[in-house]
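The values are calculated or read from the model by the stated rules, or taken from the named source; none is laboratory data. Just so it is clear, the model here is predicted, and its values are computed rather than measured. With ideal geometry, Cβ positions are generated from the backbone for all residues, glycine too; neighbour counts draw on all protein chains shown. Side chains included, ligands, DNA and RNA excluded: accessible areas come from the protein's heavy atoms. Shrake-Rupley method; radii C 1.70, N 1.55, O 1.52, S 1.80 Å.
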Amino acid sequence: MNDELPAEFLLDGFPSAIRETGRTLRSLIFATVPGAAETVRTGWRWIAYSLPDAGRVRNFAWIGPERKHIHLGFEHGTLLADPEHLLHGAEERLRKFRYFTFEPAIDIDEAILVDYVDRAARIAVMPSAVRRALAETAAEPVSGVLADVPPDWELME
């Protein structure tokens, strides 16, 4: 992890279409979750997004650029309702991550991406015991439990 390394440094090493898609995804995340912190994870070659919560870091999303495509992923993606099966990761049997893949341009309506980013951030700030209980008891990911989580991320400092 590198708090000092700018995300542009990571994106600059990729083809222009991937860079532009990465910039667009960064803007979308910050517009959706204004209090998000951005950290470059050099080992994973990811740009991670988190929210501060009582001295803890609550990771909710990441951008993973590759040469031919780019991912927008979610830390607790298995808890995200995904009725249209837009997210990848289940076929890889990933334990908790789910992600979109764009090759290289975004091919999903922005409103859909905003919805997923917003729900991912709300899930991330739930108490870990609640997330564990949801993961253990839900046969399908849930969406209704998010009603009690405040939508105004600027209040979460």
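Going through region 100-132 one residue at a time, which ones are in contact (Cβ under 8 Å) with a residue 24 or more places away in the chain, open to solvent by 40 Å² or more (accessible area, probe 1.4 Å), in a loop (DSSP other than H, G, I, E, B) and not acidic (Asp, Glu)?
First pass over region 100-132, keeping only residues in contact (Cβ under 8 Å) with a residue 24 or more places away in the chain: 100-106, 110, 112-114, 116-125, 131.
Still in the list and also open to solvent by 40 Å² or more (accessible area, probe 1.4 Å): 103-106, 110, 112, 114.
Restricting the remaining residues to those that are in a loop (DSSP other than H, G, I, E, B) gives 103-106.
104, 105, 106 - these are the residues of region 100-132 that are in contact (Cβ under 8 Å) with a residue 24 or more places away in the chain, open to solvent by 40 Å² or more (accessible area, probe 1.4 Å), in a loop (DSSP other than H, G, I, E, B) and not acidic (Asp, Glu).
Any chance region 37-45 includes a residue that's open to solvent by less than 20 Å² (accessible area, probe 1.4 Å) and more than 13 Å from the chain's Cα centre (by Cα)? Steps first, please.
Taking region 37-45 as the starting set, the residues that turn out to be open to solvent by less than 20 Å² (accessible area, probe 1.4 Å) are 39-40.
Those still in the list that are more than 13 Å from the chain's Cα centre (by Cα) too: 40.
So far as region 37-45 goes, yes, one or more of its residues are open to solvent by less than 20 Å² (accessible area, probe 1.4 Å) and more than 13 Å from the chain's Cα centre (by Cα).
Within the group 69, 88, which residue is at pLDDT 95 or above, of a type outside the set (A, V, I, L, M) and open to solvent by 30 Å² or more (accessible area, probe 1.4 Å)?
On the way: 88 fails: at pLDDT 95 or above.
Sole residue among the options that is at pLDDT 95 or above, of a type outside the set (A, V, I, L, M) and open to solvent by 30 Å² or more (accessible area, probe 1.4 Å): 69.
Can you name the condition, by its number, that residue 60 falls short on among (1) of a type outside the set (Val, Ile, Thr); (2) closer than 22 Å to residue 17 by Cα; (3) at pLDDT 95 or above?
(2)
Which count do you get for residues in region 17-39 that are part of a helix (DSSP H, G or I), touching a strand residue (DSSP E or B) at 6+ places or on another chain (Cβ under 9 Å), closer than 17 Å to residue 118 by Cβ and not basic (Lys, Arg)?
4
Find all pairs meeting these conditions: Cβ atoms under 8 angstrom apart; at least six residues apart or on different chains; first residue within region 5-19 and within 18 Å of residue 105 (Cα to Cα) and open to solvent by 20 Å² or more (accessible area, probe 1.4 Å); second residue assigned to a helix (DSSP H, G or I) and not small (Gly, Ala, Ser).
Pairs that qualify, where the first residue is within 18 Å of residue 105 (Cα to Cα) and open to solvent by 20 Å² or more (accessible area, probe 1.4 Å) and the partner is assigned to a helix (DSSP H, G or I) and not small (Gly, Ala, Ser), are 12/19; 19/11.
What pairs come up if the first residue lies in region 79-96 and is touching a residue at least 24 places away in the same chain (Cβ under 8 Å), the second is in a loop (DSSP other than H, G, I, E, B) and among the polar types (S, T, N, Q), and their beta carbons are under 7 Å apart, counting only those six or more places apart or on different chains?
81/143
Could you tell me which numbered condition residue 58 fails, if it satisfies all but one of (1) assigned to a strand (DSSP E or B); (2) among the basic types (Lys, Arg); (3) open to solvent by 40 Å² or more (accessible area, probe 1.4 Å)?
Every listed condition holds for residue 58 apart from (3).
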